[in-house]
Each structure stands twice: as structure tokens, then as C-alpha cells.
1. Given the conditions (1) within 16 Å of the chain's Cα centre (by Cα); (2) without any contact (Cβ under 8 Å) to a residue 12 or more places away in the chain, report the number of the one that Glu276 does not fulfil.
2. Consider Asp118 against the criteria (1) out of contact with any helix residue (DSSP H, G or I) (no Cβ under 8 Å at 6 or more places or on another chain); (2) open to solvent by less than 20 Å² (accessible area, probe 1.4 Å): it satisfies all of them except one. Which criterion is unmet?
3. Can Ile97 be described as crowded, with 18+ Cβ neighbours inside 10 Å, closer than 16 Å to Arg120 by Cα and out of contact with any Ser or Thr (no Cβ under 9 Å at 6 or more places or on another chain)?
4. Using beta carbons and a limit of 8 Å, which pairs, at least six apart or on different chains, have the first residue in region 131-144 and among the charged types (D, E, K, R) and the second one away from the ligand (no atom under 13 Å from the Cβ)?
5. Which residue is farthest from Asp260 (Cα to Cα), if the candidates are limited to region 190-206 and must be small (Gly, Ala, Ser) and surrounded by 15 or more Cβ atoms within 10 Å (Cβ to Cβ)?
6. Can you confirm whether Arg90 is farther than 28 Å from Asn213 by Cα, within 16 Å of the ligand (Cβ to nearest atom) and open to solvent by 40 Å² or more (accessible area, probe 1.4 Å)?
7. Inside region 55-65, can you point out the residues that are open to solvent by 10 Å² or more (accessible area, probe 1.4 Å) and in contact with a helix residue (DSSP H, G or I) (Cβ under 8 Å, 6 or more places away or on another chain)?
8. Contact list please: Cβ distance under 7 Å, first residue in region 147-165 and within 18 Å of Asp70 (Cα to Cα), second residue assigned to a loop (DSSP other than H, G, I, E, B) and among the hydroxyl-bearing types (Ser, Thr, Tyr), pairs at least six apart or on different chains.
Amino acid sequence: MLKTRTCAEQLLDIQTPQVMGILNVTPDSFSDGGKFTQIDSALSQVEQMIIDGASIIDIGGESTRPGALDVCEKDEIARVIPVLIAIKQRFDIVVSIDTSKAGVMAEAITNGAGLINDVRALQNNGCTAIMAQSDIPICLMHMQGLPRTMQVLPQYINLIDDIKKFFVERIEQCNQAGINRQRIVLDPGFGFGKTQAQNYQLLAQFADFQSFNLPLLAGLSRKSMIGNLLNREVDERLAGSLTTAVLAAQQGAKIIRVHDVKETVDALNILNAVAEQA
Ligand code: 7PJ
């Protein structure tokens, strides 16, 4: 059956799974020299990720790791926006901004972001209104609780149904605010308020989310669910990360968010070659 492409699919060109490369923007140094070095190093990382086959670069200025502290809007803008501007000046690549703050979203949109990636699914004040004024895609991620406490005691009546219910509600809220459904990308949020078993259940049943007929994003790269299972430190999780990337893509994930772009592109190319023969 030929499926009509959503505008997110068109804007992001995601008929086959695409790799989103993660660019970490570390806290600003106080000296101008430090800032220059930071942008410079971000640009060379981005250049390498593009060479390696990334089609989207995701920039995050707020750590959402379990237990992370809050960053204020002004600091987040100062971290992220100069890097966005520098990338858009140098490269023809879709840049995604990983943020939950309306002010950061507004600045990102003005400065050429091609996607907003919100782990809080536009639940913070003013976010839906800002997104309604633009026409770029928005990734709505599911999280139970908030980063500081989300891993304390995750509880669900039914994991998959509860996440689907959350998506239905968030899509409806977006619709009411004037954000067209066709702009939405969904992400069940691996590691965000889920136990180890729940994270693997989510991966086992990832295909269930295809029922929304919207592009799906999966972020599993180097996460604790891999490290805990395999007993591997963060820098030893490549094989585990690739395996999860392939499993998610095989179940319909259209954007795979990763640190190791080159290796993930290779793995997905194998999957695509198999899919073409199936
Ligand atoms: C995700 C994210 C994810 C989306 C982070 C980490 C934590 N955005 N931002 N999905 N994870 N959409 O990379 O370990 O899974 S930050």
C-alpha cells in the first residue's frame, strides 16, 4: 500500500531510516578563546558526522541524563544557538535542537533549526504556541516523571498502552494549538522513566507505535539499558548500541539517534539491503 508522506517525512526525507548524530555542547568557557574552541570543535565533529552519513544533527544544551540539574533558558540559548548558526553557515544539513524551553525553541526556529526535539513533548509553558507559529517538525518524546527523579520508581498500568495514550493526548493538544499532525514525530523515550525490563519490552514492541502512522524516532545509543545488561562502560557499548539500532529500524524507526554515526550507517545499510530483497 502506498502511504502518503507526512510533512515531517518530506522535510526530513525519511523514507528509509536516517541517522541523527548527537552533538553534545558542553558548558561554555568564560573566555572568548574557550568559546571559539568550542564552536570549532563542534564544527569538526559535525563535518565528520556528515561524512559518515548523518542526515540530521541533534544539538542539546541541557543534560537530560537521570539526576541532571536544570539549566536556565539564557544559558541554554548561549550554549546552543551560536553552534546552530555556525553549522547552518557551513553545512547543508538538518539541525535538530533538543530542548524543552519555549525561548530556546523560538531562537532555534529563527536561526534555521529543521526540527525541535522535545523530551517533554511540548508540555512546558509556551511551547505549543511557539511551535504553532512555525512549520518545522516536532519530535514528541514520552517520559514518565522528570529527569531528576524519573528512574526512582517507574510505574505503568500497561507500558505500551500508557505511552500510546500519552501520544494521543499530546497529539490532540498540538492539534488544538494549531500544530498539524503531519509535522509530528513520535519517540517512546528509551531510558526516560522506565525500568530495565520496561526498556526491553519497549524495544520488543516498538513496531506497535507504527499504528499512529507518524515517523518514529528511537534513541538507544550507549544508554544504561545496554550497559546494565552487558556490564559495559559507556565507551564499550558500540556493539550493543548497533544491535538496538537495527532492531528499532527493523520495527519501523525512521530516525535513529546515535553517537556512533559511521558504524550505525553501516549497520542500517545491511538492514536496507536485506529489506530490498525481502
Ligand atoms: C533522547 C533524546 C531520546 C530523543 C536524549 C541520552 C540522553 N531525545 N535526548 N530521544 N535521549 N528524542 O542520549 O542518553 O531517546 S539525552
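1. Status for Glu276: all satisfied but (1).
2. The one condition Asp118 does not meet is (1).
3. Numbers: crowded, with 18+ Cβ neighbours inside 10 Å: yes; closer than 16 Å to Arg120 by Cα: yes; out of contact with any Ser or Thr (no Cβ under 9 Å at 6 or more places or on another chain): yes.
Criteria met by Ile97.
4. Filtered contacts from region 131-144: Asp135/Cys7; Asp135/Arg183.
5. Checking each candidate, the answer is Gly193.
6. no
7. Within region 55-65, Ser55, Gly60, Glu62 meet the criteria.
8. Listed by first residue and then by second, the contacts come to Pro147/Thr64.
The values are calculated or read from the model by the stated rules, or taken from the named source; none is laboratory data. No experiment lies behind these values; they were computed from the predicted model shown. Cβ sites come from the backbone with ideal geometry, for glycine too, and all protein chains shown count toward neighbours. Accessible surface areas use protein heavy atoms only, side chains included; no ligands, DNA or RNA. Shrake-Rupley method; radii C 1.70, N 1.55, O 1.52, S 1.80 Å.
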